[in-house]
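Take a look at the structure below.
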Amino acid sequence: MSGDAALDVRHLTVEFIQRSGPKLRAVDDVSLTLYPGATLALVGESGSGKSTIVRALGRLLKPSGGEVLLGGRPSTLHRSDVREYRRHVQLVFQDPFASLNPAHTVAHHLARPLLLHAQATRRDVAERVEALLRSVNLVPPGDIARKYPHELSGGQRQRVAIARALAPSPQVLLADEPVSMLDVSIRLEILNLLDELKSERDLAMLYVTHDLATARHFSSEIMVMYRGEIVERGPSDEVILSPSHPYTQLLASAAPMPGATRSALAAARRTRQGARAVRDAERREATVETGCKFRRRCPHAMPQCASRPPDVETAPGHSARCWLFDQGAR
C-alpha cells in the first residue's frame, strides 16, 4: 500500500506474569502498519490476543518488547509523550455502557477531551460538542447532550463513544469489536458510520472482530491471529475466499460466505474435521512452547511443524506462516 504510515508497529510482544509456570506470551512478535484512509481488520477466536494488541497500542498496558512509530516517530512511555500519543491514537471499546461514566452527561464526556487536548475553549465547547454529536448522527444534539448514558439505547451510547474518540481529532482509531454488544439490527449502521468517518477524516483504522463477513466488507486487508501470532495476512477478498493457512480455513468453514470457492470450502471442511479430533487434547495442554502453535489441531501436521514455521508468500501481498508452503519442507 502506498503513502506514509500513520502507525507502524514492529515486533510487538506482550507478556504477562503468571502465579505459577512461565510467562504467558499473549502477543508474539506482531508487526502491522496502519495507513490513513484505510482499515486493517484483525480476526481470530477469543483468547488469541486481539484485544491485548489494542490495549498495547492504546498505551493501556506496557508492551514487553517491540517498537511503535506514530507518523514515523518512535513513541516512548514518558508521561508527556503518552499524552500526545493518546491524542492521535483513540480507542472505541466493545461495551459502550462500560466505557461511559454513568454519573456524567453526554456533554461532559465530549467536552472533557475537547478541553484536555485544546480542541475547544470554554467559550465554544458547547458548540463543538453539538458538532460532534451531529457527526455521529445523534440529533437533536442539544437534547442528547443533556442525557445520561442510561437514558440512551445501546446504539446511541456507542455513537457517543465514537464521538468521544473523535474529539481530539485523532489520526488512528482502534475499534475493538465495536458492534458485538449491540443489537443485530443496528450493527451495520454503526459499521457504516465508522467507514464514513474513516473516509471523511482520513483516519487509519484497526478493526478487531470475530465476524469474517464484516472484516471482508469494511477492510482492505486482513490479518488472522492465533495464540498471539499472525498466521496469515493479505487482501481481504483473498484471505476470506482463498484462505491459505489451515487455521484460516477453519475460521472460514465456521462462517461460510457467498462466493467462496468450492476447493476452499472443501479444504476448510477437512480442517474442521481434523480439529475436532484433537480439541480435547489441546485443552489439556494450553500452551505450545515451540513450533507451530496450531499443529495439534491441524490435519496437515508434519514433523517440521515442531519448529517455528516461516512466513511464506502464497500470492502477491498474501502470506501465511505455515510449513505447507515452504518448498524445502515439501
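The values are calculated or read from the model by the stated rules, or taken from the named source; none is laboratory data. Please read all numbers here as calculations on a predicted model, not as lab measurements. Positions of Cβ are backbone-derived with ideal geometry, glycine not excepted, and every protein chain shown enters the neighbour counts. Surface accessibility is based on the protein's heavy atoms, side chains included, excluding ligands, DNA and RNA. Shrake-Rupley method; radii C 1.70, N 1.55, O 1.52, S 1.80 Å.
Sequence neighbours fewer than 8 away in the same chain don't count; with that in mind, list the lysines whose C-alpha is under 21 Å from Lys62.
Reachable lysines: Lys23, Lys50.
Check the straight Cα-Cα distances from Lys147 and name the aspartates and glutamates below 18 Å, setting aside those fewer than 8 residues away within the same chain.
Glu127, Glu130
Determine the per residue accessible area of the chain with all protein chains present and a 1.4 angstrom probe, expressed in square angstrom. Don't skip to the answer; put the middle values down first.
Numbers: 16120 Å² over 330 residues.
With the other protein chains kept in place, the chain gives 49 Å² per residue.
Go through the range 55-62 residue by residue and turn each phi into a ³J(HN,Hα) via Karplus (6.51, -1.76, 1.60, θ = phi - 60°); whole Hz please, and just put x for glycine and proline.
For the range 55-62, the Karplus-derived couplings read 5, 5, 6, x, 6, 8, 9, 8 Hz, x marking Gly and Pro.
Go ahead and set up a Gaussian network model of the chain, Cα springs under 10 Å, then flag whichever of Arg297, Arg128, Arg19 fluctuates most.
With Cα springs under 10 Å in the chain, the top fluctuation among Arg297, Arg128, Arg19 is at Arg19.
Once the Cβ-Cβ distance between Glu45 and Glu196 is put in as r, and R0 is 25 Å, what FRET efficiency do you end up with, to the nearest 0.05?
0.30
Which semi-axis lengths, in whole Å and largest first, follow from the square roots of five times the eigenvalues of the Cα gyration tensor of the chain?
Details: eigenvalues 285, 92, 68 Å².
Over the Cα atoms of the chain, the ellipsoid semi-axes are 38, 21, 18 Å.
Using a probe of 1.4 angstrom, how much of the accessible area of the chain is carbon and sulfur, in percent? Can you show the working numbers first?
Working: 7900 of 16120 Å².
That share works out to 49 percent.
Which one of Val231, Val125, Val136 has the biggest mean-square fluctuation once the chain is modelled by GNM with Cα springs under 10 Å?
Among Val231, Val125, Val136, the largest GNM mean-square fluctuation belongs to Val125.
Among residues other than Leu60 whose Cβ falls under 11 Å from its Cβ, what is the net charge (Lys/Arg +1, Asp/Glu -1)?
Taking every Cβ under 11 Å from that of Leu60, the sum is +3.
Given contacts defined as C-alpha pairs under 8 Å and at least six residues apart, what's the relative contact order of the chain, whole-number percent? Spell out each step's value before the answer.
Values: 608 pairs, mean separation 61.1, N = 330.
Computed value for the chain: 19 percent relative contact order.
What is the distance, in nm, between label points placed 7 Å from the Cα along the Cα-to-Cβ direction at His217 and at Ser80?
4.7
Residue by residue through the range 296-310, which ³J(HN,Hα) values in whole Hz follow from phi under the Karplus form 6.51 cos²θ - 1.76 cosθ + 1.60 (θ = phi - 60°), with glycine and proline marked x?
Values, residue by residue: 6, 10, 8, x, 9, 4, 10, x, 4, 5, 6, 10, 4, x, x Hz.
Provide, as a two-decimal number, the C-alpha radius of gyration of the range 1-158 over 2.2 N^0.38 Å, N being how many residues it has. If you can, show how the numbers build up before the last one.
Details: Rg = 18.4 Å, N = 158, 2.2 N^0.38 = 15.1 Å.
Computed over Cα atoms of the range 1-158, the ratio equals 1.22.
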